[in-house]
Amino acid sequence: MAFTYFFRDLQTLNTAVKYLVPFSSGATKVRVWDAGCAMGQEPYSMAILLAEAMNHFAYRNLKIYATDIDGSNLFRDIIASGTYPTEELERIPRELFDKYFIPATKPGHHQIVDQVRSRLEFQRQDLLQLQPPATEISLVLCKNVLLHFQPHERVEVMKMFHRALVPGGFFATEQTQKLPPELEPYFEQVSPDCQMFRKIGGPI
Ligand SMILES: C[S@@+](CC[C@H](N)C(=O)[O-])C[C@H]1O[C@@H](n2cnc3c(N)ncnc32)[C@H](O)[C@@H]1O
């Protein structure tokens, strides 16, 4: 099972929220793609942060596509139900835990509330197939996945992200991931503190 946890690299998630909220203000659809979402900890963290930061209208128009190549049955079951062992949720700030989780029927587990679960849609997907789950995406979050690819594959996957984004949309990756030089005309870094980029330039 992939290594991940709720609120991992909170600095990047908070930066993504800071840019996405004003960018998508007034939009009738706000699409986020979490590419390589493991068992849902990251897209659910993002959904909770956005529930806190967005107004009711914007949050209602939010859809998070959560995709992963994981072939196990656990993938769909765990993410769809949003049910996790309570001990895995201990790092979530208390006030957010109390607000967004309820005791699950399974002993020792908690479930994410419907308000958050209903924002996510899960799909099994191999990023190397270069088929995004949607177009007109405002934010692509792809963290701790690209490092597994060959350099040329990484470039092709990032080009796909560029094509899937709306003009001016954002792409965030992990702190240690660098933008390949050949993609510098197509993305500009928005913050020196994290690897988050804004789409620039025309079609690739
Ligand atoms: C370490 S986890 C990252 C989870 C989360 N994004 C994070 O940063 O904590 C890496 C995930 O990438 C997924 N993955 C690896 N190769 C992939 C591919 N070709 N297409 C889609 N997902 C892939 C794995 O199944 C795994 O769930």
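Here are a few things to note about the model shown:
- Residue that is in contact (Cβ under 8 Å) with a residue 12 or more places away in the chain and touching a Lys or Arg at 6+ places or on another chain (Cβ under 6 Å), where the choices are Val155, Val113, Val190, Val166: Val190
- The set of residues from segment 140-153 being more than 11 Å from the ligand (Cβ to nearest atom) and in a strand (DSSP E or B) comprises just one member, Val140.
The rows are residues; the columns are (1) assigned to a loop (DSSP other than H, G, I, E, B); (2) within 13 Å of the chain's Cα centre (by Cα).
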| position | (1), (2) |
| --- | --- |
| Gln11 | no, no |
| Ala16 | no, yes |
| Pro22 | no, no |
| Asp34 | no, yes |
| Met39 | yes, yes |
| Met46 | no, yes |
| Leu49 | no, yes |
| Glu52 | no, no |
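- Scan of segment 28-73 for residues that are charged (D, E, K, R) and surrounded by 22 or more Cβ atoms within 10 Å (Cβ to Cβ), ordered by number: Arg31, Asp34, Glu42, Asp68
- Under the condition of being loosely packed, with under 13 Cβ neighbours inside 10 Å, on the phi < 0 side of the Ramachandran plot and not charged (D, E, K, R), the residues counted in segment 107-122 number 1.
- Condition met for Asp77 (under 30 Å from Pro167 (Cα atoms), within 16 Å of the ligand (Cβ to nearest atom) and not β-branched (Val, Ile, Thr)): no
All of the numbers you see were taken from the coordinates with simple rules; none came from a lab. Because the structure is predicted, anything quoted here is derived from the model rather than measured. Glycine gets a Cβ as well: all are built from the backbone with ideal geometry, and neighbour counts include every protein chain shown.
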